[in-house]
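Colleague: After the C-alpha cells below, expect a handful of questions from me.
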Amino acid sequence: MGLCVRVVRGLAVCCVVLGGILVGTVCATVASSGVAVAQTVNSIVVEGNRRVEADTVRSYFKAGPGGRVGPQEIDEALKALYGTGLFADVRVNPAGGRLVVTVVENPVINRVAFEGNKKAKDEQLKTEVQSKPRGTLSRPTVQADVQRIIEIYHRSGRFDVTVEPKFIELPNNRVDLVFEIKEGDKTGVRDIQFVGARAFSSGRLKDIIKTSISNWLSFLQTTDIYDPDRVEADRDLIRRFYLKHGYADVRITSAIGEYDPALKGFVITFTIDEGGQYRVGTIDVVSNVRAIDSASLRDSLKLSAGSVFNADLVEKSVEAMTIEAAKRGFAFANVRPRGDRIFETKTINLVFVLEEGTRAYIERINIRGNSRTRDYVIRREFDIGEGDAYNRALMDRAERRLKNLQYFKTVKITNEPGSAPDRVVINVDVEEQSTGEFSISGGYSTSDGFIAEASVADRNMMGKGQYAKASVSYGQYTKGIDLSFVEPYLLGYRMAGGIDLFAKQTQPTSYVSYGTTTIGTNLRLGFGLSEELSVTPHYSIYRQEVTLPQQFNNCILSPAAPINGGTGVVPGDPCYADGEASLAVRKELASGAVVVSLVGYSLAYNTLDNNKSPTSGFFAQLTQDVAGVGGDVNFIRSTFETRNYYEIISDVVGVLKLQGGHLAGWGSKDLRMLDHFQMGPNLVRGFQPGGFGPRDLTSGTNNDALGGTMFWGASLEAQTPLYFLPKEIGIKIAVFADAGSLWNYKGPTSWAPTGETLTVGDTSAVRSSVGVGLIWDSPLGPLRVDVAQAITKQGYDRTQFFRFGGGTKF
C-alpha cells in the first residue's frame, strides 16, 4: 500500500494506492496554505472519535517553524493517522482560527469466521490471518489475510481457490468478518520434463527429486501437488546429483511450473546444461601450517586419482582434514579445495590447501523454529559449541546431521557478526514435521501365510530425540509383540543405546512340522567409527521352547521304545504310520524350554547413495555372536553379507550380493537343531524355506530340515523400471541368478529313549537357480513377486517356483 498527496484547486488531497491502483481517498480537503499556516496545535478540534482520545489524535500533528501547523505538517499527520489502522476516514477543515479534524473510526471486529473450508481447518486459518476478534478492522490487513489464505491452499495444490471477505455490520460500530472460501479441486503435477538431460534418463532424474506425477494412487501422497518451494528444492537436488557424478560444469538454468488447461494440471520443466563428465586427475595436499605435514593429511582423502569426480566426497575430504587439524591444536585451520579443469582430457586436478584461517569464536548459537524438539537435541549435533573456534566445515557437517535426523522439513544454518570483530553468532532455523506414525499393515507371503500388524512409533518422542515403537502382529502361522526403545545419545555421548522386548509364537506349516515359542530381550549399543563405518555391540537373552502336534511324537509311546522296555524303534514301526517329526525335533521337545544367552557385535560399512532404494555404493556387514554367557547352550556364530550396487547403463542397476556363515559349538554342550542355519529363498531363490541343506531322510518321518553349520551364497541381479508404465508407479522388473550351499549338520543323530538313529542327507553341493522378479515400492508397502527355476539341486531338496511377499500400510 502507498500514500499519495495531490493538489486539486488549491486543496491538498491524500489517497491510498494499493498494487498501483487508486482505491480510495484517505484524507479530505485542507484550506489553502495561507489559512492553514495560521493554525496551532492547541487550536485543533477533534470530532467523530469514540474510542480514540482527542489528545491522541492531536499528538500526530507536530508543530512546524514558529509553532504553526502548515500544509506539510498536516499531510504528515494524515499519513500517520491512516498508518495506525484505526480510522476509515480523516478529514481536516479550517474553521476560523481552528482546524477541525473529523475522523471516522474503523469498526471493531466482533468475530472472524470462515465458510466453505473443508480441506483447511478453522484453527489453522485463524493462526495465519492477522485480523483478530476485538481488534480494529483494517481493509489492507484483510486483503493481506486473503492472500495468506490463498497461499495456504496453493501449498496443498489448490490453485483454483477464491477467497472473498464479507463484512456483517453490528451495532456499536462492530462487524463480523467472514471469509467465504471456494476451495476448488487439487491441481496436481501432470508431467515432469528434463530439457537438455542426456547423461541420465528422465526416469532416473525423477527418482532424485521429491516432486512426483499424479496417478491413481495420488490420494495416498502429497508430493504430486504443485509446490513452487518443492520445485526449487528439487532444482538443488538435481544439481547436487550431477556434481556427485562428475558433471562439474552443470547448471540448472531454470525450473518452471506452468499450468496446462488441457491436462488440468501443471507441467514442470527443468532445463539442464550438463557439461561434460570429469574424472579426478592429480590430487595434491598443501599445508601452510608449519606444524602439520601435508603428507599426514592424505589419509583423510575420500577420493582417488582416476575416479569419477564427486563433489560430496570433496566436501567430506575437507571435513576430515579440518577435524584432523583441529585434533592437532589448530582449531582455526581452514581447508580450501581448488579444482583446475583440464578441458582436453576432461579431468580435474584437485588441490586441498590447509591454512591458518581467521580467528573467530562462536559467541552464541540461536535455535529458532523448534516448538517441540528440545534445544539440546539440536545442539548436540554440533561438534563445537559457544565459545569454541568457528569452523565452516563443522557447521556444514552439523547441518547435514540435522537434516538426516528427519525431524525437520527444513534446516538452515547461517551466521552473522557478533559483538566484536572476532565473534560470530550462529542462527539455526528449523521447520518441524510430524515424527509419529500409526500404521495398520497386512500381507501375505508363501512362507508365513496371512499376517496383520498394528504399530505405533515416534522418531522424536516428547521432543527428546528418542525412538520408541510398539507393534503387535497376528497371522495365520505366527503372532507376537515387539517393544523397542532407542536413546541416540546415551550418557551424553554420540552412542545409541537400545532395548527390545519381544515375544513370538509360530505354528507348524507346510514347511516345518513344529512350532516355537520365544520370549526375550535384546540390549544394544551403536556408535560410528567414521562416516561410513559403525559398530553395534549387543547382548540377547531369550527363552525358547518347541511345540509339536501329538501325532508327530507318538514313537515315544511305542512298546518298542527302550524307555518302555523295547529294543528300539525302527522305520516301519506303527508309530511312523501317521508321520513322525525328526528325532532332532523331538529331542528339543523333550528337553523343554531352553535359555539362550549371547553377546556379540555387528560391524557395518555403508557407502550406499540411498538406503531404501540404492543405485550405487557398497554395503558390508560382519556379525559375530558367542552364546554361553549363562544360559543352556554354547556356540560361536559368524555371518557376513556384502552388497555392491552399480548402474550398468542408464536405469539398469546391477546388484552383486555375497553371503557366508559359520557355526561351531564350544565347551561340553552339543549344538541344538534350532541353533543351526536354516536356508531357503533367503539364500537361493527357487527353494522353499528350509528347502535345501541337511535333511532327515529317515523313512517314515516328515523329513524335516535340520540346518547346517556352514553356508555361502552369491546372487547377481539386474533391476530396471518397466518402461511402458509411469515411473511414479514405482514398479521394477528384476532378473537374477543365485547360487549357494548349506552343509555340515552337527546336531544329535540318535535318541536313547526310542533307540532311533538319524539318516542325514548332507552335502556341500551347489544349489543354483535363475528367475525374474517384480518389485513394487508402492505407497501401500513393499511388494515383491519372484518366479524362479532351480537349476542344480539334490533329490531331497524342496523347490518353490513362485514366491510372493509384501504388505500394506495405511
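Colleague: Residue by residue, what Karplus-based ³J(HN,Hα) values in Hz, rounded to whole numbers, does the stretch 632-644 have, using 6.51, -1.76 and 1.60 with θ = phi - 60° and x for Gly and Pro?
Modeller: 10, 10, 10, 7, 10, 10, 10, 9, 9, 8, 10, 9, 10
Colleague: Testing the spin-label approximation: label points 7 Å from Cα along Cα→Cβ at V45 and S434. State their distance in nm.
Modeller: In this crude label model, V45 to S434 measures out at 6.4 nm.
Colleague: Any idea what the relative contact order of the stretch 130-221 is, in percent, if you count C-alpha pairs under 8 Å spaced at least 6 apart?
Modeller: Numbers: 87 pairs, mean separation 17.6, N = 92.
Averaging sequence separation for qualifying contacts and normalising by length gives 19 percent for the stretch 130-221.
Colleague: Calculated FRET efficiency, E274 and S304, Cβ-Cβ r, R0 25 Å, to nearest 0.05? The partial results should precede the final answer.
Modeller: Details: r = 24 Å, r/R0 = 0.96.
FRET efficiency, E274 to S304: 0.55.
Colleague: Of the cross-linked pairs K327/K412; K121/K479; K612/K793; K409/K612; K132/K264, which ones have a Cα-Cα span greater than 29 Å in the structure shown?
Modeller: Values: K327/K412 27 Å; K121/K479 40 Å; K612/K793 33 Å; K409/K612 19 Å; K132/K264 37 Å.
Checking Cα-Cα distances, K121/K479; K612/K793; K132/K264 exceed 29 Å.
Colleague: Set the Förster distance to 51 Å, then compute FRET efficiency between T84 and E399 from the Cβ-Cβ distance, nearest 0.05. Provide the component values of the computation, followed by the final result.
Modeller: Numbers: r = 42 Å, r/R0 = 0.83.
Computed FRET efficiency for T84 and E399: 0.75.
Colleague: What's the ranking of 414-426, 345-357 by average number of surrounding C-beta atoms within 10 Å, highest first? Don't jump to the answer; show the numbers that get you there.
Modeller: Numbers: 414-426: 13.7, 345-357: 17.5.
Result, highest mean first: 345-357, 414-426.
Colleague: For the stretch 419-435, take each phi angle, set θ = phi - 60°, evaluate the Karplus expression 6.51 cos²θ - 1.76 cosθ + 1.60, and give the result in whole Hz per residue in order, putting x for glycine and proline.
Modeller: 3J(HN,Hα) across the stretch 419-435, in whole Hz: 7, 9, x, 9, 10, 10, 9, 9, 10, 10, 9, 10, 10, 6, 9, 5, 10.
Colleague: Sticking with this one: So between T792 and Y474, what do we pick up on full extension, going 0.36 nm a residue minus the alpha carbon distance?
Modeller: Details: separation 318, 0.36 × 318 = 114.48 nm, distance 3.64 nm.
Full-extension gain reported as 110.8 nm.
Colleague: In nm, to one decimal, how far is the modelled label at R198 from the one at S750, with both set 7 Å along Cα→Cβ?
Modeller: It is 7.7 nm.
Colleague: The list [x] 71, 34, 27; [y] 46, 43, 38; [z] 67, 33, 23 gives values of semi-axes √(5λ) of the Cα gyration tensor in Å, and only one came from this structure; which label was calculated from it?
Modeller: [x]
Colleague: I'd like the Karplus ³J(HN,Hα) series for the stretch 615-623: coefficients 6.51, -1.76, 1.60, θ = phi - 60°, whole numbers in Hz, and an x wherever there's a Gly or Pro.
Modeller: For the stretch 615-623, the Karplus-derived couplings read 10, 7, x, 9, 10, 9, 9, 10, 10 Hz, x marking Gly and Pro.
Colleague: For K504, list the aspartates and glutamates whose Cα falls under 15 Å from its own Cα; do not include residues on the same chain fewer than 8 positions away.
Modeller: D448, E453, D482, E545
Colleague: Now for a separate question. Mind listing the long-range amide H neighbours of A197? Cut-off is under 5 Å, sequence gap 5 or more, other chains count too, H placed in the peptide plane at 1.01 Å from N.
Modeller: I272
Colleague: Oh, and also: I need the calculated FRET efficiency for the pair A593 and A291, taking r as the beta carbon distance and R₀ as 51 Å, to the nearest 0.05. Provide the component values of the computation, followed by the final result.
Modeller: Details: r = 63 Å, r/R0 = 1.24.
Given R0 = 51 Å and the Cβ-Cβ separation, E is 0.20.
Colleague: If you don't mind, there's one more thing I want to ask. Could you give the length gained on full extension between S613 and Q505, defined as 0.36 nm per residue of separation minus the Cα-Cα distance, in nm? Don't jump to the answer; show the numbers that get you there.
Modeller: Numbers: separation 108, 0.36 × 108 = 38.88 nm, distance 3.16 nm.
Between S613 and Q505, full extension yields an extra 35.7 nm.
Colleague: Run the helix sum for the chain: -39,500 (n - 2.57) per DSSP H stretch of 4+ residues, divided by residue count, reported at 222 nm to the nearest 500 deg cm²/dmol. Working shown, then result.
Modeller: Numbers: 11 runs with 114 residues, N = 810.
Helices in the chain give a 222 nm mean residue ellipticity of -4000 deg cm²/dmol.
Colleague: Would you mind checking K186/K244; K126/K166; K657/K746; K210/K346; K126/K210; K206/K244 for any pair whose Cα atoms are more than 25 angstrom apart? Each step should come with its number before you reach the end.
Modeller: Numbers: K186/K244 35 Å; K126/K166 16 Å; K657/K746 27 Å; K210/K346 31 Å; K126/K210 30 Å; K206/K244 16 Å.
Pairs exceeding 25 Å: K186/K244; K657/K746; K210/K346; K126/K210.
Colleague: Here's something else I'd like to know. If we sort 179-186, 311-318 on the protection proxy, mean other Cβ atoms within 10 Å, highest first, what's the order? The partial results should precede the final answer.
Modeller: Working: 179-186: 16.9, 311-318: 19.9.
Sorting 179-186, 311-318 by mean packing, highest first, produces 311-318, 179-186.
Colleague: Can you order the peptides 64-71, 631-638 by their average number of other Cβ atoms within 10 Å per residue, highest first? Show your work: numbers first, answer last.
Modeller: On the way: 64-71: 14.6, 631-638: 18.5.
Highest mean packing first, the order is 631-638, 64-71.
Colleague: Accessible area per residue, 1.4 Å probe, Å², for the chain: what's the number?
Modeller: On the way: 39750 Å² over 810 residues.
With the other protein chains kept in place, the chain gives 49 Å² per residue.
Colleague: Related question: Would you mind computing, in nm to one decimal, how far apart the modelled labels at I649 and F801 are, each placed 7 Å from Cα along Cα→Cβ?
Modeller: If labels sit at I649 and F801, their model points lie 3.1 nm apart.
Colleague: Of all accessible surface on the chain at a 1.4 Å probe, what whole percent is carbon and sulfur?
Modeller: On the way: 21580 of 39750 Å².
Result for the chain: 54 percent of the exposed heavy-atom area is carbon or sulfur.
Colleague: For a quick check: with amide H placed at 1.01 Å from N, whose amide H comes under 5 Å from K302's, ignoring anything fewer than 5 positions away on the same chain?
Modeller: Here S317 satisfy the definition.
Colleague: Still on this structure, I have one more. On a full-extension model of 0.36 nm per residue, what is the gain between E531 and R251, subtracting their alpha-carbon distance, rounded to one decimal in nm? Spell out each step's value before the answer.
Modeller: Details: separation 280, 0.36 × 280 = 100.80 nm, distance 2.88 nm.
Result for the pair: 97.9 nm of gain on full extension.
The values are calculated or read from the model by the stated rules, or taken from the named source; none is laboratory data. Values in this document were obtained by computation on a predicted structure and should not be read as measured data. Backbone-built Cβ (ideal geometry, glycine too); neighbour counts: all protein chains shown. These accessible areas exclude ligands, DNA and RNA; they are computed on the full protein's heavy atoms, side chains included. Shrake-Rupley method; radii C 1.70, N 1.55, O 1.52, S 1.80 Å.
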